[in-house]
There are 2 protein chains.
Amino acid sequence: MKEIKNISFIGSGNVASHLAIALFRNNFSIKQVFSKSFKNANSLAKKVNAQPIESMSQLSNNADLYIIAVPDDAIENIINQFPFKDKLLVHTSGSVNLESFSKKQFQHFGIFYPLQTFSKKIAVDFKHIPFCLEANTSANLKVIEKITKQLSDKVYHVNSEQRKSLHLAAVFACNFSNNMYQIAFDICQQNQLNFDILKPLIVETANKIVNQTPLEAQTGPAKRNDVKTIEKHLALLDNQKKYQEIYRLVTENILSN
Amino acid sequence: MKEIKNISFIGSGNVASHLAIALFRNNFSIKQVFSKSFKNANSLAKKVNAQPIESMSQLSNNADLYIIAVPDDAIENIINQFPFKDKLLVHTSGSVNLESFSKKQFQHFGIFYPLQTFSKKIAVDFKHIPFCLEANTSANLKVIEKITKQLSDKVYHVNSEQRKSLHLAAVFACNFSNNMYQIAFDICQQNQLNFDILKPLIVETANKIVNQTPLEAQTGPAKRNDVKTIEKHLALLDNQKKYQEIYRLVTENILSN
């Protein structure tokens, strides 16, 4: 198996930053960090002792692995510009499939998708973050797997078809549940209520599904088919049609389970 | 201030059970537990050394405080049957207001609403559960507050008008976010994906809002206005119109923030 030691990053956002720092701490050498914004490239490069670059033409072939961690809709463009057909190239996206590489005649490629929500401000412990891996050959999969196991205990093999659905599931589980918090926050603000009152509830709701299925964990007026309370809530939302529509749809969905 | 020592429970569900056990452990004496189902009344009564009763006519006047912890839509009926006009009577509901008592000429009443999602199976540490209190007089509020502070560090005064909105906010924050997990679970099952992959993400998403506002914590394709990914996701949901409609609405809501 090829030994990976030198890694370059294409991207300098949340995922790139957390990953580059974690790999650097695990004794990988980070060679270059590319970003269209030199300032961003430089900010991350300094932290991992790498060279910042702001043009893909400056990319050196001195790395064994190139990690593309840019917004999903920028990946194709990066792949088009990537010059080394024989280097191992991976991206970290949940929604871009393996074909994006194969149609460009790369020889070694894969996907290395950490399923977590990253914020620049909040430190990440990769140990418990699931990584979903895929590669064009079983040899490349082993190489990627070996690196991943140095970061995380939770390594899954997920093919491109599954990963698309997984990413969609993650949007519901993470982005949309967070938007439910946002609606709750907004309702609190409108009524001079301290959002802190809801925080223990939110944390407990998430913790419950570690040991129960969401269906088992479901509570509330819709679950009890408590029509009177549902009607009161819909009436309270009469001036906020968007929230009212979301309330109605999600309630119907709970009722249908 | 009247010293409360003896408490009776009307109800034997999740909230009643957790509260009765917590109060019993804090050296309150639980006198009676009422449930229409004698089996349920008996099951809880045994745990708190109380007398189980299955008819409201068996209710004794030997308690200083009566806690109604039944489904919201059963509260009015219980209040109509409650025989002691001079006893302190409270309910634990987020959605039933104080007027339900006053129109029945009770002298001492209030609301004692623990904002948490309770499951029979999962133990509850009341210490960190917010209690929202209200009463018909400041003297009664003090009595209820004194009891509450023996259970929890988080005591809030919330009036009936606010509590209605708080309950609505809690439905979004808890019940609806759990339904987002359920949709994610369902998508995983349909694609032979282990739902465990999503659990760290779900827990982290909830934990993030302890120190950030939900708006600051928001990530995902809608937040980035990543139209290509949103369209892919909507296409994936083409056979599940209900999920597709929820996806569309919540995405619009995130985009409008």
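Among the residues of the stretch A:156-173, write down those that are more than 15 Å from the chain's Cα centre (by Cα) and not in a helix (DSSP H, G or I).
Hits for the stretch A:156-173 are A:H157, A:N159.
For B:F176, indicate whether it is more than 21 Å from B:S17 (Cα to Cα) and over 16 Å from the mean Cα position of the chain (by Cα).
no
Regarding the stretch B:130-144, can at least one residue be identified that is under 22 Å from B:S17 (Cα atoms) and part of a loop (DSSP other than H, G, I, E, B)?
Taking every residue of the stretch B:130-144 in turn, at least one turns out to be under 22 Å from B:S17 (Cα atoms) and part of a loop (DSSP other than H, G, I, E, B).
Looking at the stretch A:208-219, can you tell me whether even one residue there is modelled with pLDDT under 95 and in contact with an Asp or Glu (Cβ under 6 Å, 6 or more places away or on another chain)?
Checked the stretch A:208-219: no residue is modelled with pLDDT under 95 and in contact with an Asp or Glu (Cβ under 6 Å, 6 or more places away or on another chain).
Please give the number of the condition B:S95 fails out of (1) small (G, A, S); (2) touching a Leu at 6+ places or on another chain (Cβ under 9 Å); (3) closer than 20 Å to B:S35 by Cα.
The number of the failed condition is (3).
Just the residues that are under 22 Å from the mean Cα position of the chain (by Cα) and either at pLDDT 95 or above or part of a strand (DSSP E or B) (or both), please, taken from the stretch A:1-15. Steps first, answer last, please.
If we filter the stretch A:1-15 for residues that are under 22 Å from the mean Cα position of the chain (by Cα), which is where we start, we get A:7-15.
Within the stretch A:1-15, A:I7, A:S8, A:F9, A:I10, A:G11, A:S12 meet the criteria.
Condition check: more than 8 Å from chain B (Cβ to nearest Cβ), within 20 Å of B:N191 (Cβ to Cβ) and surrounded by 14 or more Cβ atoms within 10 Å (Cβ to Cβ). Does A:V155 satisfy that?
On the way: more than 8 Å from chain B (Cβ to nearest Cβ): yes; within 20 Å of B:N191 (Cβ to Cβ): yes; surrounded by 14 or more Cβ atoms within 10 Å (Cβ to Cβ): yes.
Here the answer is yes, as A:V155 does meet what is asked.
Has the stretch B:133-148 got any residue that is within 15 Å of the chain's Cα centre (by Cα) and either of a type in the set (G, A, S) or outside the structural domain of B:N178 (by TED's automatic domain parsing) (or both)?
Restricting attention to the stretch B:133-148, the residues satisfying the condition of being within 15 Å of the chain's Cα centre (by Cα) are B:133.
Then keep just the ones that are either of a type in the set (G, A, S) or outside the structural domain of B:N178 (by TED's automatic domain parsing) (or both); that gives B:133.
Yes, the stretch B:133-148 contains at least one residue that is within 15 Å of the chain's Cα centre (by Cα) and either of a type in the set (G, A, S) or outside the structural domain of B:N178 (by TED's automatic domain parsing) (or both).
Within the stretch B:174-189, count every residue that is more than 7 Å from chain A (Cβ to nearest Cβ) and of a type outside the set (S, T, N, Q).
Going through the stretch B:174-189, the residues more than 7 Å from chain A (Cβ to nearest Cβ) turn out to be B:186, B:189.
From the residues that got through so far, the ones that are of a type outside the set (S, T, N, Q) too are B:186.
Total satisfying the criteria: 1.
Where residues in the stretch B:110-121 are at the interface with another protein chain (Cβ under 9 Å from one of its Cβ atoms) and in contact with a Cys (Cβ under 9 Å, 6 or more places away or on another chain), which of them is farthest from B:L98 (Cα to Cα)?
Here is the first cut: in the stretch B:110-121, the residues at the interface with another protein chain (Cβ under 9 Å from one of its Cβ atoms) are B:115-119, B:121.
Pick out the ones that are also in contact with a Cys (Cβ under 9 Å, 6 or more places away or on another chain) and you get B:115-117.
On the way: B:L115: 17, B:Q116: 20, B:T117: 22 Å.
Of everything passing the filter in the stretch B:110-121, B:T117 is farthest from B:L98 (Cα to Cα).
One residue is enough: does the stretch A:228-251 have a residue meeting the conditions at the interface with chain B (Cβ under 7 Å from one of its Cβ atoms), closer than 24 Å to B:L255 by Cα and not in a helix (DSSP H, G or I)?
Checked the stretch A:228-251: no residue is at the interface with chain B (Cβ under 7 Å from one of its Cβ atoms), closer than 24 Å to B:L255 by Cα and not in a helix (DSSP H, G or I).
In the list B:Q192, B:Q150, which residue meets the criterion of being surrounded by fewer than 21 Cβ atoms within 10 Å (Cβ to Cβ), at positive phi and either part of a loop (DSSP other than H, G, I, E, B) or more than 7 Å from chain A (Cβ to nearest Cβ) (or both)?
On the way: B:Q150 fails: at positive phi.
From the options B:Q192, B:Q150, the qualifying one is B:Q192.
Kindly establish whether A:V171 is within 10 Å of another protein chain (Cβ to nearest Cβ) and within 24 Å of B:I254 (Cβ to Cβ). Spell out how you get there, then give the answer.
Numbers: within 10 Å of another protein chain (Cβ to nearest Cβ): yes; within 24 Å of B:I254 (Cβ to Cβ): yes.
Yes, satisfied.
Does B:A135 satisfy the criteria of being over 29 Å from A:I129 (Cβ atoms) and more than 7 Å from chain A (Cβ to nearest Cβ)?
Numbers: over 29 Å from A:I129 (Cβ atoms): yes; more than 7 Å from chain A (Cβ to nearest Cβ): yes.
Spelling it out, B:A135 is indeed over 29 Å from A:I129 (Cβ atoms) and more than 7 Å from chain A (Cβ to nearest Cβ).
Take the residues of the stretch A:91-118 that are of a type in the set (A, V, I, L, M) and in contact with a His (Cβ under 9 Å, 6 or more places away or on another chain): which is farthest from A:E134 (Cα to Cα)? Before the answer, list the steps.
The first filter runs over the stretch A:91-118 and keeps only residues of a type in the set (A, V, I, L, M), leaving A:96, A:98, A:111, A:115.
If we keep only those that are in contact with a His (Cβ under 9 Å, 6 or more places away or on another chain) too, we end up with A:111, A:115.
Numbers: A:I111: 5, A:L115: 14 Å.
Among them, the one singled out is A:L115.
State whether one or more residues within the stretch B:204-212 are in contact with a Pro (Cβ under 9 Å, 6 or more places away or on another chain), of a type in the set (S, T, N, Q) and facing chain A (nearest Cβ under 7 Å).
No - not one qualifying residue is present in the stretch B:204-212.
With of a type outside the set (G, A, S), within 11 Å of chain A (Cβ to nearest Cβ) and under 20 Å from B:S12 (Cβ atoms) as the only criterion, which of B:V124, B:V90 stands out? Lay out the reasoning, then the answer.
Values: B:V90 fails: within 11 Å of chain A (Cβ to nearest Cβ).
From the options B:V124, B:V90, the qualifying one is B:V124.
Of all residues in the stretch B:210-241, count the ones that are more than 18 Å from A:L166 (Cβ to Cβ) and touching a Lys or Arg at 6+ places or on another chain (Cβ under 7 Å).
Number satisfying all stated conditions: 2.
The values are calculated or read from the model by the stated rules, or taken from the named source; none is laboratory data. Just so we're clear, the structure is a prediction, and the values are computed from it rather than from any experiment. Reconstructed Cβ throughout: ideal geometry from the backbone, glycine too, with neighbour counts over all protein chains shown.
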